[in-house]
1. Any idea how far the Cα center of segment B:563-625 sits from the one of segment B:375-406, in Å?
2. Determine the shape class of segment B:303-484: with a ≥ b ≥ c the square roots of the Cα gyration tensor eigenvalues, call it rounded for a/c under 1.5, and otherwise prolate if a/b is greater than b/c, oblate otherwise.
3. Which residue fluctuates most in the GNM of chain A (Cα springs below 10 Å): A:51, A:24, A:148?
4. Given 10 Å bins starting at zero, what is the percent of C-alpha pairs of chain A in each, up to the one with the largest pair distance?
5. Quick one: length gained pulling residue B:34 to residue B:262 fully straight, 0.36 nm per residue minus the C-alpha distance?
6. So if R0 is 41 Å, what FRET efficiency would residue B:113 and residue B:468 give, r being the distance between their Cβ atoms, rounded to the nearest 0.05?
7. Under a 10 Å cutoff between Cα atoms, tell me which one of A:136, A:99, A:36 has the largest fluctuation in the Gaussian network model of chain A.
8. How large is Rg over Rh for segment B:275-356, taking Rg from the Cα atoms and Rh as the Kirkwood inverse mean of 1/r across Cα pairs?
């Protein structure tokens with residue numbers, strides 16, 4: 001937690017300029033994704049929620065998080081992956097955004113990892129726009145690609 | 001830098017307080033022109049503003065304040081008499097000061113506009129040199145002041161603020177906590193000024209009713225006051241209230257858990273002692289929470305005086321400009337209500353008061369003729385009753401002529417003659433709340449523009465309140481506004497439908513109706529629309545499951561007959577309707593929680609709340625549901641954000657002449673003028689039968705008559721003198737007559753068509769004409785349905 005971006009005073013906008021970043025990672029339809037660890041409030045097993053009729057498809061419903069009503073976004077739907085099988089129980093990641101807390105449904109939680117700026121690359125142009133528009137970029141890790149999500153873009157126009 | 005901002009903010013806050021007081025003090029001064037205390041207080045107020053301005057570098061504000069101060073100084077020293085004209089020009093100066101202060105609040109700097117003219121007219125008045133030009137200046141600037149006031153009072157701009165929304169605090173002058181007026185008097189500029197300071201006048205407690213701080217008296221009181229009250233950020237209060245709201249919810253959950261554990265425990269006898277200890281603690285938490293909630297809610301309470309203080313000035317200005325004499329009597333100004341509500345009722349109340357002055361209270365001469373005192377009385381009264389606030393606004397003016405209201409409504413096509421005859425006095429009076437009706441013969445610049453009372457009603461209802469009116473011709477009018485104490489926690493009826501919990505604000509609930517299988521009465525279906533005869537009146541029925549696309553397809557005809565049906569009778573503005581839900585459970589006090597922006601497009605949704613068991617329930621917006629169900633005259637909005645299967649989608653807008661007509665007395669249809677051949681009235685006795693069809697001889701031809709009412713399942717309204725209105729359509733030189741109930745009017749209106757998904761045969765969609773929802777007839781399709789083949793025949 002000590003090596004946050006603010007220490008060398010660089011912009012948060014461009015991850016390449018920063019020395020090191022921490023990502024809270026998770027899996028979604030066999031893809032490896034992550035959000036910056038600073039944005040994450042908490043992680044838990046998805047709990048029952050109240051569906052909102054007629055709401056955009058990507059919004060699964062509302063949950064009660066200790067007295068706060070929080071909107072839940074199904075990341076599979078949001079990023080254009082195929083829907084989760086009935087028996088698969090999703091996990092919840094609650095992130096802080098400019099519009100308050102938002103709960104994101106993912107398949108499985110991964111580790112918090114450090115990534116080096118030199119591994120960063122902008123989203124490849126050939127990616128499905130529904131996915132690429134929510135990405136800050138891609139980190140080319142040794143064994144796999146980490147898709148770095150922008151929580152702000154996720155909550156935009158669903 | 002921040003310090004400077006702080007000083008400026010402090011100054012603005014103090015200014016706003018001072019200005020609020022000034023309006024009232026001036027009006028008071030006009031009545032008691034020789035009250036030195038009042039004059040002294042006004043002088044000090046203005047003087048402080050002027051002094052601090054110089055200190056903060058606000059030359060324009062200083063300029064105006066200085067001009068006003070000079071006049072006040074002359075008045076105080078007895079060099080100039082306190083006249084009505086003088087007060088008028090000083091009030092103008094106060095308006096200018098308000099304007100500048102407001103601008104500084106918004107932008108941080110003075111407006112670009114020059115206030116030299118204002119200063120000049122103040123100076124001219126002071127020197128008394130150009131007495132003849134004075135009259136002109138006064139009326140002109142009075143008009144400007146009035147205009148400015150009216151802008152400020154635009155009733156439609158009441159912010160639709162949800163109770164839970166955190167308000168911005170800094171720039172809002174009304175966010176000021178009252179008890180700090182003492183501080184204002186002791187602002188640094190007061191003592192350091194070169195002007196002679198008003199001599200401390202002896203305290204006169206009897207004279208303090210206007211709240212005019214008298215220096216000597218306040219000096220004595222000061223330490224106590226300063227210690228007993230502090231200035232608190234409204235944002236902080238809101239946060240506190242939110243947290244208490246959460247505590248209440250947590251408490252509810254705790255109670256529920258304890259109860260269920262108790263049930264378990266009652267089965268096993270062992271741990272009875274443990275339970276009783278627990279229960280004691282839980283009960284204590286319960287009590288403390290309730291008390292805490294009450295107390296915290298009180299912090300947001302403000303006396304209604306806060307908005308009433310503005311009225312003496314409004315009344316004075318309006319009375320003056322309309323040549324009337326009016327006494328404003330206020331009772332119960334200390335009655336407290338939630339800050340949010342206070343703000344929400346400010347504009348509606350102002351509007352009602354302006355109406356009372358403009359239309360209610362008569363000119364002195366006509367009052368004299370009627371044997372009333374020349375001076376009219378406007379009476380405001382506020383009091384608590386049954387957990388709600390009642391506000392009465394009454395005048396002893398001319399009252400409302402119910403017949404005139406009816407005539408007006410008739411001429412505007414809002415009602416039909418039959419309805420007008422049958423209408424009760426109360427109903428007729430309530431037409432006042434109909435949009436597009438203004439009874440003022442003369443449209444003044446104050447009111448009579450035909451928008452107003454309906455907006456007043458809508459806005460009051462938005463905060464869960466009601467408006468009632470009673471009036472006696474020649475005696476006066478009384479408006480009763482009833483509003484809840486607070487909006488943060490509301491009583492709601494909990495229901496569930498389609499497996500999901502919903503909350504319906506109790507304020508919009510009229511009654512509950514349960515139809516069981518054996519009941520003789522049932523829901524009747526007319527062309528896809530459902531109705532229920534509630535004590536003989538047709539009540540439109542909507543189903544929440546259908547509207548929201550929930551699973552249970554209760555509207556299927558069999559279902560209705562096969563099991564019991566729960567109908568909530570709800571009111572949405574002027575309409576009432578029934579909403580079918582699966583299960584009705586209980587009423588509960590709920591805390592309204594805001595929703596994310598992404599869900600704000602759902603008009604049926606007013607918010608969400610957390611239930612005792614921790615589940616989230618959606619709070620229904622009754623108005624939104626009525627609109628989604630096509631029941632409201634207001635524009636239909638998209639119910640959801642679905643793009644492909646939009647419930648309503650709008651076509652292009654064109655301006656078209658249309659014939660408006662009704663079939664029963666309650667509906668309204670339109671057909672484009674271009675599509676019809678003639679409008680006729682036929683004698684019923686001339687109708688003949690030919691091959692099972694009604695026909696009539698018309699221009700040497702047999703004209704087939706079809707009844708629109710029969711086709712759409714509506715009882716055609718009876719007509720007088722056996723004449724029936726018929727719309728004649730001609731296609732390829734063949735004509736057909738469509739019998740309707742009543743031809744209302746021919747209008748030119750924007751064709752802003754809402755297409756209905758549940759397409760009814762013969763109806764293209766609905767449009768809003770003069771604020772009334774009107775069905776647009778698809779005449780070709782209609783004829784094709786009722787006289788199959790006719791269209792083909794004629795096109796051959």
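Throughout, read-outs are computed from the coordinates displayed, never taken from laboratory work. Values in this document were obtained by computation on a predicted structure and should not be read as measured data. Don't worry about glycine lacking a Cβ; one is built from the backbone with ideal geometry, like all the others, and counts go over all protein chains shown.
1. 33 Å
2. Oblate.
3. A:51
4. 10, 41, 35, 12, 1
5. Length difference between fully extended and current span is 74.7 nm.
6. On the way: r = 44 Å, r/R0 = 1.06.
Taking R0 as 41 Å, the efficiency between residue B:113 and residue B:468 is 0.40.
7. Result for chain A, Cα springs under 10 Å: A:99 fluctuates most.
8. 1.34
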